[in-house]
1. Quote to one decimal, in nm, the extra length available between Leu130 and Asp93 on full extension: 0.36 nm per residue of separation minus the C-alpha distance between them.
2. Please compute the length gained on full extension between Ser103 and Arg74, using 0.36 nm multiplied by the number of residues separating them and subtracting their Cα-Cα distance.
3. What order, most packed first, do the peptides 113-124, 34-45 have when packing is the mean number of other Cβ atoms within 10 Å of each residue?
Amino acid sequence: MEPACFESAADAAARIPNGSLTASPVHVLAALVRSHVEVIMDDVGAAAVFVHEWRSLGGERRAAVLERRDAYERRFRDLIEAGIARGDFEPTDPAIAATAILSALSGIPTWYRPDGRLPADRIADHFVDLVVRMLHGASR
């Protein structure tokens, strides 16, 4: 099994620039979330398999996927840390916040249907909005 959907998400994330020191972590994080949702929805079947079966990979392939996964997750944590430092996000544990976001995104293949109530781009809009509001906190 090749985890093509994860590779696609990681590749898409790599194409999103972190920007300069003045770039808003909010905008970069929003682009990452949108990209992740789009990759899942491009092949929801492959995404569902990967979410549940990546642990079955063996040896070097599993190690390579875990290395990319860890870098992918680190990018989310780093953006959350940067957003907290700039005052864009409420103080929180970046690792927990990144895990919450990525767990929510990983759940999409369990319920998404291409012929469902909302088109993929609207679902991406909702996820971006939910993630940004979650990190902004109640005081904003």
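Taken together, the values in this text are just the output of simple stated rules run on the coordinates, not laboratory data. Just so you know, these numbers come straight off a predicted model, no measurement behind them. We place every Cβ from the backbone using ideal geometry, glycine too, and count neighbours over all the protein chains shown.
1. 11.6 nm
2. Taking 0.36 nm per residue and subtracting the Cα distance, the gain is 9.0 nm.
3. Final packing ranking: 34-45, 113-124.
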